[in-house]
Amino acid sequence: MIMHAVNQSLQPILDRPRRATFSWSRRSIARWALLAVTVCTGCQGPQSALSPAGEGAEQIAALFWAMAIGAGMIWLVVIGLAAYALRIVPQPHDKRSSRRWVIGGGVIVPTLLLSILLMFGLAILPALVRPAPEGSLHVEVVGVRWWWRFIYPSPDGGSFELANEVRLPVGEPVQFDLRSADVIHGFWIPSLGGKVDMIPGRQTRLTLWPTAVGTYRGVCAEYCGASHAKMAFDVVVMPREEFDAWLRQQAQDAIDPSEPDARRGSEVFLKSGCGGCHAVRGTAADGSIGPDLTHFGSRHSLAAGSLENSPDNLRRWITEPQSIKPMAVMPGYHTLSDADLASLIAYLQGLE
Amino acid sequence: MNRPADNDAPEGAPKNVQEQRLLETWRTPRGWRYWSAVNNTEVGLWYTVTSGCFFLFAGVLALLMRVQLATPGAEFLSADRYNQIFTMHGSVMMFLFAVPIFEAISILLLPQMMGARDLPFPRLSAYGYYSFLIGGVFVCGSLLFDAAPKGGWFMYPPMTTDYQPGIGADIWLLGLSFIEIASIAAAVELIVGVLKCRPPGMRINLIPLYGWYILVVAGMILFAFPPLIAGDILLEMERAFDWPFFDPSRGGDPLLWQHLFWIFGHPEVYIVFLPSVALMAMIVPTFARTPIVGYGWVVLAAVGTGFLSFGLWVHHMFTTGLPAVTLGVFSAASQAVAIPTGIQLFCFLATLLAGRVVGSVPLLFIFASLATFVFGGLTGVMVAVAPFDLQAHDTYFVVGHLHYVLVGGTIFPLIGGTYYYYPLVTAKQLSARLGKIAFWLLLVGFNITFLPMHWTGLLGMPRRVYTYPAGMGFETLNLISTVGAFVLASGFLVVLWDIVRPKGKEPYAPRNPWDAGTLEWLAEMPLKPWGIRSVPIIKSRDPLWDQKDLVHDIDEGRFYLPDAEEGLRETLVTSVIDARPEQCLRVPGPTFLPMISAAFTGGVFIFGTYHWWTPALLSGAGAVATILIWLWTGTARVPEKEAKNVGLGLELPIYISGPSSVGWWAMFITMLGDATAFISLVFGYFFYWTIHDDFPPETSAGPGVVWPVVGGVLMLLAYGMTIAAWRLNRADRSGAFYFTLATAALLTVGGAAALFAAPWSTGLDPTRHSYDAIVWLLVGWTVLHAMVGVLMQLYCLARRSAGHMTARHDADITNVTLYWHFLALTVALTVGVIAGFPLLS
């Protein structure tokens, strides 16, 4: 199992098409990572910065391991010295030799080590914060309390809106253009790279470069009020062809339901006023306050990563959203009859 | 004139008439009048106990959070409640514990370390204490009414403006501003204490290291808190009156708050940490049985840390999308601060190496602190590397890091310090057995709690979440942290029990129980209220080790001020650099005035929170009135004689004014802080200019040129006449003095009115755009200061006519003139910015 983990995490580092930056340090970084992963059995997780699946995350994870090992050694030396001074030393050292510790340990060694660390840190910094190359995919993201609006360029040249799930082609840079609709949020997909705040009145950006196909999780990193803990999204990294197909499909309007139950659900949807806040493209529902639901059925989770997208969870969400996401704007529809609710769920789950 | 000591007297009884008089003079009032005490030993003790209580309160909040986070999706606390609790945990720990405990301990110990009888402004300490108590109870109490702030201790707008109705955020802004003012008051007192109240001979290179740290930390408070107060003013103005400082739709910007907050917030970390290093610097040499190695290094490193800490604030904003160059510069600066910190720690290690170490409970905690703080410092260097911070920022990694720094750097030395200094407060010793038990519980509990958090954060758990989903790998780590938190809490309970358990039957601690070398250990057991029997001449950094017969001579009253012939409390004032005696300062005794004026001042902030403007204004008037009474009755009294023999044939003046007096220094230092707040507001003006292409905006008329210039000229004239009045008073030309100062007051009122007319006449609407709002705010700030200036001018007129101010006794007008130097700068800068800058841009 450990070997598997080693292979998996080294794969992207070793096989990735090289860019021209600092290949001389790549090999040593890879060696660090190898060492790290062999000692690390608890690094995995859909949201882990230590099981990287993107260029930025890989570099930062390697940097972390290098720093952690260095810091560990420094700590042992200092604490060893302290223990020696406190317990073991039988005779007082003379003042002059003690003072050498101050100059050596307090000034010379830290200055050297910090200079080296600074050089390494600054060397990888520009690549992490620069814009994506010309022609890359741009996804516009708007943070809203407490969910995510994703705006993709559509294949025909315009743009269209999705919510709470982002899909990306593997092996290509993507630039997220970040804005906020209300308070400050933080856009963060730990497995792919660092985070950037979304600040009202400003536009910030984050460039990520996914390197491995898979499903990951992003979260809001900046405290944004009551349900900050419930503001997440799914990230699906897929091969380019699959991504293109997905994008074409998502750009299309919703398909009218064919099943009678779902068709009835679409009427419940409109009659209950859901369209006042939510849009389902191709129908009369064109609200823009809440998340777009055109392809809701194709998403992994609901309520911005709060629950798995299942009929039972959807029922809970529709009837008592505040119990799942405190202070959520959506009103609870507990007055809907069971039949209406079932139809509504069938309709929404069918919106693929 | 000294009689030989009477060796048969019972323990603690006065040995002669001199001692009897000293005891009478310094006796602590009894019964309900006890609360009128202003002496540093009482106020310092109340301060310490109160901030300790706030620590326990915030600790309980932490336990509640850990219970909620023990399992995924728990419903022990609601989201809203959790958010209030984590906000309060951080705010209380920082503002009601970490900073106040340093000031508390310093108020308690500094005079003893300096061989002084008291701090120079005992009533100011008491005022600060009561402000702290009232403000702290108000802020903490809000949690019981479900009305507590919930914007995080960092209070980022716009979440804390448009998105949080209710009074929670106002309680934070006003309640804590009130406490910040008290903190600044204490800082002023401590700076003057170190600079001016040292014993004769204690030149600047002989000050105990604790004194140096107080200077550095109090200086940092002086420059770090004002930017936050400026930010608080902006944020509260937006909340209460809709002035759009942080609203991007009207020209504001949320990042302005972050800059102001972190210009405060990062030095704050060192404000909290350095005092504990100071405790280490006192404890380590004692148990190494040798003077500190590298005294000069430690002092320079402490000063260096203080300076550098003001250049790091942007590392709290690495993820706000700043340019790579900015990230690089602040990343470098943030790493650089590790160097002076390392120097200080290595000096302590070198001292231990050079000495013959004696084991003790305080030293155990120093070791715990080293192990923990060095770890936190290393993770600190890691997050200072900007690329890593892009991942670690706002995650549990940072929660782990900051607790290693703060608990390791601050709490452990504090506990060590408690074990060390406890005899100086109660004359009893704490139990070494309980101390060892506490040491293990705390060290183990702490690491079980916070070590896993680094991992939790790297697995992707953000901070400030009230819950987390299962399946992310967070469950086990969080459960371990919760278990550890309770072990940690049990360690604190052991310490608490050791402190409060009855010790009536235990014998008094021996005098100087640790064989330390510094002056505070002169204290007799049981303790005497006078601080020190006579004020010695100091020739060494460790006088108790190096100066032969010092204790005996002090006890025999062979040094300065061995007596209180007039029954007045007296202490020595010495010169700043080489501690030459300059004045016999009479310090005030017990009074309720500080308590009353603190209550009135609190009223302004508390009523203001609820927008009850009339009671707030009445309270403000009450505060001004009581402070005036306090000044009138107790400050710069004309003494019954000019000079006094303080012993050893030395005659010292009782009344002095100008730069050798403590009052002048207090005014100067206060005004430095005040000017810093003003500069922070001006920074706001230019910050808007840097982020807008069009600033001042074309659409705004601005305040014009004529009125600001008229206002400025009138006030500068008033400034000139105030200086003239000071000269006239000194020349004893009474009539000319009254005429000039009265005219100056009139001119000030006229100037303030003209300045006010500037934005008024051009119809600037502070709710329209951030430009209008910041101009109004600069004008408002200046006008308010002008009004205080008028009050001071009138006060001087009254003082002279009542005979409390004469040509010789001119401290009042001298200090008022000093205030006016700063006011003139403020006026000039305000006029230059609001009227001059639009002409340039």
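How many residues are charged (D, E, K, R) and within 11 Å of chain B (Cβ to nearest Cβ) when one looks only at region A:99-140?
3
Mind checking which residues of region B:713-741 are of a type in the set (Gly, Ala, Ser) and either crowded, with 23+ Cβ neighbours inside 10 Å or more than 36 Å from the chain's Cα centre (by Cα) (or both)? Spell out the reasoning first.
First pass over region B:713-741, keeping only residues of a type in the set (Gly, Ala, Ser): B:718, B:720, B:724-725, B:731, B:734-736.
Hits for region B:713-741 are B:718, B:725, B:731, B:734, B:735, B:736.
Being open to solvent by less than 10 Å² (accessible area, probe 1.4 Å), outside any loop (DSSP other than H, G, I, E, B) and touching a Leu at 6+ places or on another chain (Cβ under 9 Å) is the filter here, so list the residues in region B:139-171 that pass it.
B:139, B:169 - these are the residues of region B:139-171 that are open to solvent by less than 10 Å² (accessible area, probe 1.4 Å), outside any loop (DSSP other than H, G, I, E, B) and touching a Leu at 6+ places or on another chain (Cβ under 9 Å).
Just to be sure, is residue B:366 within 26 Å of the chain's Cα centre (by Cα) and within 8 Å of chain A (Cβ to nearest Cβ)? First the steps, then the outcome.
Values: within 26 Å of the chain's Cα centre (by Cα): yes; within 8 Å of chain A (Cβ to nearest Cβ): no.
Criteria not met by residue B:366.
Search region A:206-228 for residues being over 14 Å from the mean Cα position of the chain (by Cα) and within 7 Å of chain B (Cβ to nearest Cβ), and hand back the single one that is surrounded by the fewest Cβ atoms within 10 Å (Cβ to Cβ).
A:226
Which of the residues spanning region A:229-241 are assigned to a helix (DSSP H, G or I) and surrounded by fewer than 23 Cβ atoms within 10 Å (Cβ to Cβ)?
Pass one, region A:229-241, residues assigned to a helix (DSSP H, G or I): A:229-230, A:240-241.
Selection gives A:240, A:241.
Report the residue count in region B:26-36 for those that are touching a helix residue (DSSP H, G or I) at 6+ places or on another chain (Cβ under 7 Å) and open to solvent by less than 20 Å² (accessible area, probe 1.4 Å).
Qualifying residue count for the region: 0.
Looking at B:484, B:504, can you tell me which residue is away from every other protein chain (no Cβ under 14 Å) and at pLDDT below 95?
On the way: B:484 fails: at pLDDT below 95.
After applying the criteria, what remains is B:504.
Quick one: which helices (runs of 4 or more DSSP H) sit completely within region B:233-338 and have at least 1 residues that are over 30 Å from residue B:110 (Cβ atoms), open to solvent by 10 Å² or more (accessible area, probe 1.4 Å) and within 14 Å of chain A (Cβ to nearest Cβ)? Before the answer, list the steps.
Working: elements: B:254-288, B:295-308, B:324-336.
Those helices (runs of 4 or more DSSP H) span B:254-288, B:324-336.
If residue B:72 satisfies every condition in (1) open to solvent by less than 40 Å² (accessible area, probe 1.4 Å); (2) outside any helix (DSSP H, G or I) but one, which is the exception?
(1)
For (1) crowded, with 16+ Cβ neighbours inside 10 Å; (2) within 14 Å of another protein chain (Cβ to nearest Cβ); (3) among the acidic types (Asp, Glu), each residue gets a yes or a no:
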site: A:292; (1), (2), (3): yes, no, yes
site: A:296; (1), (2), (3): yes, no, no
site: A:310; (1), (2), (3): no, no, no
site: A:319; (1), (2), (3): no, no, no
site: A:323; (1), (2), (3): no, yes, no
site: A:338; (1), (2), (3): no, no, yes
site: A:341; (1), (2), (3): yes, no, no
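So is residue A:139 open to solvent by less than 20 Å² (accessible area, probe 1.4 Å), in contact with a Cys (Cβ under 6 Å, 6 or more places away or on another chain) and either of a type in the set (Val, Ile, Thr) or not assigned by TED's automatic domain parsing to the domain that holds residue A:305 (or both) or not? First the steps, then the outcome.
Values: open to solvent by less than 20 Å² (accessible area, probe 1.4 Å): yes; in contact with a Cys (Cβ under 6 Å, 6 or more places away or on another chain): no; either of a type in the set (Val, Ile, Thr) or not assigned by TED's automatic domain parsing to the domain that holds residue A:305 (or both): yes.
No, not satisfied.
Scan region B:360-372 residue by residue and report those that are open to solvent by 20 Å² or more (accessible area, probe 1.4 Å) and either free of Cβ contacts under 8 Å to residues at least 40 places away in the same chain or not in a helix (DSSP H, G or I) (or both).
Passing the criteria: B:360, B:367.
Under the condition of being in a loop (DSSP other than H, G, I, E, B) and out of contact with any Cys (no Cβ under 6 Å at 6 or more places or on another chain), which residue from region B:85-135 is surrounded by the fewest Cβ atoms within 10 Å (Cβ to Cβ)?
B:121
Do the conditions hold for residue A:287, that is, is it over 28 Å from residue B:465 (Cα atoms), open to solvent by less than 40 Å² (accessible area, probe 1.4 Å) and outside the structural domain of residue A:178 (by TED's automatic domain parsing)?
On the way: over 28 Å from residue B:465 (Cα atoms): yes; open to solvent by less than 40 Å² (accessible area, probe 1.4 Å): yes; outside the structural domain of residue A:178 (by TED's automatic domain parsing): yes.
Considered against the rule, which asks whether it is over 28 Å from residue B:465 (Cα atoms), open to solvent by less than 40 Å² (accessible area, probe 1.4 Å) and outside the structural domain of residue A:178 (by TED's automatic domain parsing), residue A:287 comes out as yes.
For (1) open to solvent by 60 Å² or more (accessible area, probe 1.4 Å); (2) more than 26 Å from residue B:416 (Cβ to Cβ); (3) not assigned by TED's automatic domain parsing to the domain that holds residue B:63, each residue gets a yes or a no:
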position	(1), (2), (3)
B:511	yes, no, yes
B:516	no, no, yes
B:522	no, no, yes
B:539	yes, yes, yes
B:551	no, no, yes
B:579	no, yes, yes
B:584	no, yes, yes
B:587	no, yes, yes
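Against the condition out of contact with any Phe, Trp or Tyr (no Cβ under 6 Å at 6 or more places or on another chain), buried (at least 23 other Cβ atoms within 10 Å of the Cβ), at the interface with chain A (Cβ under 9 Å from one of its Cβ atoms) and within 30 Å of residue B:433 (Cβ to Cβ), how does residue B:390 come out, does it pass?
No: the conditions fail for residue B:390.
Is one or more of the residues making up region A:245-253 surrounded by 18 or more Cβ atoms within 10 Å (Cβ to Cβ) and within 9 Å of another protein chain (Cβ to nearest Cβ)?
Scanning region A:245-253, I find no residue that is surrounded by 18 or more Cβ atoms within 10 Å (Cβ to Cβ) and within 9 Å of another protein chain (Cβ to nearest Cβ), so the answer is no.
Determine whether region B:348-363 contains at least one residue that is assigned by TED's automatic domain parsing to the domain that holds residue B:494 and closer than 20 Å to residue B:94 by Cβ.
No - not one qualifying residue is present in region B:348-363.
Can you tell me how many residues within region B:810-834 are surrounded by 22 or more Cβ atoms within 10 Å (Cβ to Cβ) and more than 30 Å from the chain's Cα centre (by Cα)?
2
Quick one: how many residues across region A:82-118 are among the hydroxyl-bearing types (Ser, Thr, Tyr) and open to solvent by 70 Å² or more (accessible area, probe 1.4 Å)?
The total comes to 1.
Does region A:61-76 hold any residues that are of a type outside the set (Gly, Ala, Ser) and at the interface with chain B (Cβ under 7 Å from one of its Cβ atoms), and which are they?
If the condition is that a residue be of a type outside the set (Gly, Ala, Ser) and at the interface with chain B (Cβ under 7 Å from one of its Cβ atoms), then A:63, A:64, A:67, A:74, A:75 are the ones that fit.
Can you tell me which of (1) part of a helix (DSSP H, G or I); (2) open to solvent by less than 10 Å² (accessible area, probe 1.4 Å) is the one residue B:702 doesn't meet?
(1) is the only condition that residue B:702 fails.
What number of residues in region B:535-561 are assigned to a loop (DSSP other than H, G, I, E, B), out of contact with any Asp or Glu (no Cβ under 8 Å at 6 or more places or on another chain) and not hydrophobic (A, V, I, L, M, F, W, C)?
Residues in region B:535-561 being assigned to a loop (DSSP other than H, G, I, E, B), out of contact with any Asp or Glu (no Cβ under 8 Å at 6 or more places or on another chain) and not hydrophobic (A, V, I, L, M, F, W, C): 7 in total.
Which numbered condition trips up residue B:262, out of (1) within 19 Å of residue B:393 (Cβ to Cβ); (2) modelled with pLDDT under 95?
Of the numbered conditions (1) within 19 Å of residue B:393 (Cβ to Cβ); (2) modelled with pLDDT under 95, the odd one out for residue B:262 is (2).
Facing another protein chain (nearest Cβ under 7 Å), assigned to a helix (DSSP H, G or I) and open to solvent by less than 10 Å² (accessible area, probe 1.4 Å), is that true of residue B:378?
When the stated conditions are applied, residue B:378 does not pass them.
Among the residues in region B:52-64, are any open to solvent by less than 10 Å² (accessible area, probe 1.4 Å), within 26 Å of residue B:601 (Cα to Cα) and within 15 Å of the chain's Cα centre (by Cα)?
Looking through region B:52-64, none of the residues is open to solvent by less than 10 Å² (accessible area, probe 1.4 Å), within 26 Å of residue B:601 (Cα to Cα) and within 15 Å of the chain's Cα centre (by Cα).
The values are calculated or read from the model by the stated rules, or taken from the named source; none is laboratory data. All values reported here derive from a predicted model rather than from experimental measurement. With ideal geometry, Cβ positions are generated from the backbone for all residues, glycine too; neighbour counts draw on all protein chains shown. Accessible surface areas use protein heavy atoms only, side chains included; no ligands, DNA or RNA. Shrake-Rupley method; radii C 1.70, N 1.55, O 1.52, S 1.80 Å.
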